[in-house]
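First comes the structure, then the notes that go with it.
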Amino acid sequence: MGKRYALVLLIAVQGLAASAQTLLTPSEYDVLKLAHQLPADAVIISQPAPQGHYVPGIFREEGDTCSCWIEPDASYTLALAPNDDGSSPLINLPFSFNLYGDLYNTCHVNNNGNVSFVQSFGTYSSTGFPNNTNRMVAPFWADVDTRNDGGEVWYKVTPTAMYVNWVGVGYYNQQTDKRNWFQLIITDGMDPVIGVGRNVSFCYKDMQWTTGSASSGVNGFGGVPATVGANRANNTDDYTQIGRFDAPGDTYSGPQDTSGVDWLDHRHFVFTTTTNGTMPPVLGTSLLCDTLLLMETEGLQINVDAFPGLVGELVSLSAFSPTLAYSELENIEGEYAHMSLEMDPRVGDAGVHEVIFTATSSNSLQATLTVFLQVTADISTGIAGTTNPTLSIAPNPADDQLTVTWSTDRRPTRIEVVALDGQVVSSISPTATAERLQIDLSLLAPGAYVLRAAGMSGPMTTRFVRAAR
């Protein structure tokens, strides 16, 4: 059986004992790491994260209304105090996470860009997958260092999912001239936040470095490459590897060779690790919405990537939109596939349309990605350079209540919640003096929605998730 790339599936429960470890204080660990004398089993004695308050992250983009990135809010917990190579205490999961046939109900959030099972990992120089050591899901396994105001690691657990965000994190040794923003979501496979039948999501914002100096990196690059993927740790085909990264730039060389880290910028990968066997292709996209709002006559470029389930197979991409015009800008197939479309809505196209992308591997297995486009009539103000204030929503994901706040000088006249099929499921007109609004979500099905506000010098939209009950 060939090697697996970036989409996988899972099934049974294994109880595995953690191996003995050498416990060190942070200062002891730092001295030995600087001297390149760390024992192979060295682990930092856990330092509790500060409790009782929420400190916002250092990166807040305005206008990012369509993104796989879910901003940590007051419902999140700080996973770790500022540290190097640390790990959280054991975290209980109220669901079973399936990692290639092994089911887990606990995990550790590791500072170095991964979540592990059975035991924590402080290993700062990553290895490629597969290996027989690291039971982990790794959106970006590298030498993260959050000391010296070097960013934050946050997490949130719901009944069916776990969210982990590495927010503006620096690299070893206490370097903050370059920072990375990336997110992991793992689920029970039934949570609609990343799609039923999928249980892993990797989301990236700005990625600026790959390697710390203890891994032979210089100014954040070179040396031992970072690893992106998932691994069962049985040294067989039960793994996923999207790539390894050791350089700046956006050149992608495939899952097994090293690539430029900028290629990850604003990309999103959703896949499954719930079975072991022949795998369908994996799909990724830089269009981070499942629903996108655009106006008539407003063009939109959609880029989609695909990987075969096994090394040695080939993969191709096709697209179909039954109701909206488009042109194909690029279509590359082979060991890695890429397609670029230019959507071309015309006057009279107002309504909801879908674009279906299908990846087909040489073993005839397929995977599909559907993007919904909600086209509206052109209602622009005609004033060049006009910007809209950003709505603030919390929490996200939300349970039964969503709180919306806005600037006191720009109050919305109407707020609507729009489902993925374009249906307005809630519409509220705030009072003239209100500065916030609570929306009852208790009757909404779990999933992704768009919140749309009118009367703020033009329409304003943002995305939120109704958490699974």
Inset, instruction - State which residue is farthest from H338 (Cα to Cα) when the search covers only region 238-252 and only residues that are in a strand (DSSP E or B) and of a type in the set (F, W, Y). - result: Y239
Inset, instruction - Say whether the condition of being more than 25 Å from V261 (Cα to Cα), assigned by TED's automatic domain parsing to the domain that holds A81 and not in a strand (DSSP E or B) is met by at least one residue in region 101-114. - result: yes
Inset, instruction - Run down V118, V109 and say which single residue is over 18 Å from L24 (Cβ atoms) and under 22 Å from the mean Cα position of the chain (by Cα). - result: V109
Legend entry - Tally, over region 253-286, of residues that are of a type outside the set (S, T, N, Q), modelled with pLDDT of 85 or more and part of a loop (DSSP other than H, G, I, E, B): 4
Legend entry - Selection from region 125-170 of residues that are more than 13 Å from P72 (Cα to Cα) and of a type in the set (D, E, K, R): R135, D143, D145, R147, D149
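Residue-by-condition table, conditions (1) touching a Lys or Arg at 6+ places or on another chain (Cβ under 6 Å); (2) surrounded by fewer than 21 Cβ atoms within 10 Å (Cβ to Cβ):
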position: D102; (1), (2): no, no
position: G122; (1), (2): no, no
position: N131; (1), (2): no, yes
position: R135; (1), (2): no, no
position: P139; (1), (2): no, no
position: Q174; (1), (2): yes, yes
Legend entry - Looking only at region 221-237, and only at residues there that are within 22 Å of the chain's Cα centre (by Cα) and not in a strand (DSSP E or B), the one that is nearest to M207 (Cα to Cα): P225
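Taking region 145-158, which residues are assigned to a strand (DSSP E or B) and under 20 Å from F95 (Cα atoms)?
W154, Y155, K156, V157
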Inset, instruction - For residues that are among the β-branched types (V, I, T) and part of a loop (DSSP other than H, G, I, E, B), scanning just region 115-144, find the one that is farthest from N199 (Cα to Cα). - result: T123
Inset, instruction - Tell me, yes or no, whether region 233-248 has at least one residue that is surrounded by fewer than 20 Cβ atoms within 10 Å (Cβ to Cβ), assigned by TED's automatic domain parsing to the domain that holds Q208 and of a type in the set (D, E, K, R). - result: no
Inset, instruction - Take the residues in region 28-48 that are at pLDDT below 75 and more than 28 Å from the chain's Cα centre (by Cα), then tell me which one is surrounded by the fewest Cβ atoms within 10 Å (Cβ to Cβ). - result: A40
Legend entry - Any strands (runs of 3 or more DSSP E) falling wholly within region 314-408 and containing at least 2 residues that are crowded, with 20+ Cβ neighbours inside 10 Å and either touching a strand residue (DSSP E or B) at 6+ places or on another chain (Cβ under 8 Å) or modelled with pLDDT of 80 or more (or both): 315-320, 337-343, 351-361, 366-376, 401-405
Legend entry - Members of region 167-188 found to be over 18 Å from R466 (Cβ atoms) and not in a strand (DSSP E or B), listed by number: Y172, N173, Q174
Inset, instruction - Kindly list the number of the only condition in (1) modelled with pLDDT of 95 or more; (2) surrounded by fewer than 24 Cβ atoms within 10 Å (Cβ to Cβ) that fails for V164. - result: (2)
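The values are calculated or read from the model by the stated rules, or taken from the named source; none is laboratory data. Just so you know, these numbers come straight off a predicted model, no measurement behind them. So basically every Cβ, Gly included, is an ideal-geometry build from the backbone, and we count neighbours across all protein chains shown.
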